[in-house]
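What follows is calculated from the coordinates using simple rules that are stated; it is not laboratory data. Just so you know, these numbers come straight off a predicted model, no measurement behind them.
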Amino acid sequence: MKKVIFSLVATAGVLFTMLTSCYNDSSIRQDINNLYDIVRELQDKVNQANNNVAALQDIVQVLEGRLYITSVTETADGWIFALSDGRTPHINHGVSPVIGVRQDADGIYYWTLNGGWLLDDDGNKLRVTGEDGAPGEPGAPGENAIAPQLTIEEGYWYLSTDGGETWTQLYKATGEDGAPGDSMFQDVSSDDCYWYFVLTGGETIRIPRGLWGARSITAVPYYSDGALAAADGEFTLTFDVLPAESAAKLAALDNALFCLKVVYTVPVKSELSAKLPVLSKEAVDGTLLLTVDGSLLSESFFDGTTGASACLSVVDGDNVLSSGYFPLKYIDPYNGYSYVDLGLSVKWATCNVGANTPEEYGDYFAWGETEPYYEGNAQSDDLVWKPGKEMGYSMGWTSYKWYTDDDGFTKYNSDGSFGIVDNKTVLEAEDDAAYVNWGSPWRMPTSEEIKELVNNSSWEWTADYNGSGVAGMVVTSTVPGYTDRLIFFPGTGTFAETALWLGASSVLLSSTYAYEYNIYGLYVTPDGMTLNSSVFRCFGFSVRPVAE
């Protein structure tokens, strides 16, 4: 096809050579300069028109979810769009025919011309993006998504739909009065939820802005099979947020805007789904940590007979930000033992080792031993002594696991006067009564963790906890946001000297060695709680586990 732009340039050059060889005429020079200006103006129109088509193609990629728009800036001659991949397409005012896009019934976006479908020579609609969402390469129209091309010849717009092989005349490149041609967009506007692109033909393309700048949220798997972990009680799910800086804005939204819907893969009687309340949110390094209440999940989910998938939706007005569905899996990380999160560095178990409820005393252990002194229930006086276990100060050392008459202490000692020195100051897992009896991640608290509990709680002694008849200490968190949470330490007494001394007080072992015969423990009496470093290692005390 003959291109008028280059023809005009060539003609102007010939005229200039012919005329200047004969005489010098300033009016003719001006005409030639005007001709050059027309050529440049037409070329600018063509470049801008084709840039507009490419920009519209980029916008459709955003619609299909492959990109997102970070900002739209209006300029004197159009709009500049900033895309998430760094591109900044520019659409100009008044430079092109009415080329637009429209989504057909098949969900695919196709090019339009003056409100109708833009067709190739075989009558096929032209896709805006290829099957993989990319613009595509020249080839079969409608499959590789060739963008329309525009040019101007002899004052008319020409259109190619086959990569420039053939061209079809459309209409004048300027109006009858010399006005510019039609603009691709009538208007670009936005609200808190969407960008609105109004094409000249009247169709509006609406692109979600996301919530407060968040374009997408994606669940972060906990297990290798892509599932996230759920629990019978509070549990936390992690979501990636794009762009990352929007995570903090989402975390600041009202919990009521968040909905975690769980759909059971095997129906639970008449129950097909559940909605879990969102308890709290936190933004960490571009992720959103969502703590939800799993107590509404079906029992059959926890016993493994029912599977489940979940979807997080954030709904603010007409805009919905959704993670899509992801599988949930229940693997009890605490082996069936319950805990209370007091807002401290560790979670505290609700009962002692050997107990099933907070009111039960549980078992009594020497420090560094994992079997209790006896079998039975101290609260019912139904005790059977373990073979080889003896009470009394001197006898207690004789039967203590980490002591011999010849060597003194054989483990956990820092003084050569008292035995073999290994300078171990914290119990190893194999010698930790909580870890051995309850399994990972349970363990005995360190002295620092006991001190943390003492310094971040209030205490009240009761003679009758919850009507059980058991006396003990009610310990309530003073950490902001956790002041409604508490644990109970029953007055278990101590295996000391020659017998079990049941009484108002109790001692709970730490995992930390202090010096010589002593380790750290939590003393609990009606007068309060203290961290004590004078707890004899060979006596029997209660163990209250903690977990990370």
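Annotations for the structure displayed:
- Amide H to amide H distances under 5 Å link residue 273 with 264, where only residues 5 or more positions off or on other chains count and H is placed in the peptide plane.
- Projected onto its three principal axes, the C-alpha set of region 216-330 covers 41, 32, 21 Å, listed from the longest axis down.
- Under 5 Å, built H, 5+ apart or other chain: amide partners of residue 399: 390
- Listed residue pairs exceeding 31 Å between alpha carbons, taken from 281/424; 281/329; 249/275; 329/451; 249/347; 261/347: 281/424; 329/451
- The mean sequence separation of alpha-carbon pairs under 8 Å and at least six residues apart, normalised by the residue count of region 216-330, gives a relative contact order of 33 percent.
- Look at the Cα gyration tensor of region 435-548: its axes a ≥ b ≥ c give a/c of at least 1.5 with a/b at or below b/c, and that counts as oblate.
- Taking every C-alpha pair closer than 8 Å and separated by at least 6 residues, the mean separation divided by the residue count of region 399-466 gives a relative contact order of 14 percent.
- Residues whose amide H comes within less than 5 Å of that of residue 412, counting only those at least five positions distant or on another chain, are 422, 424 (H built at 1.01 Å from N in the peptide plane).
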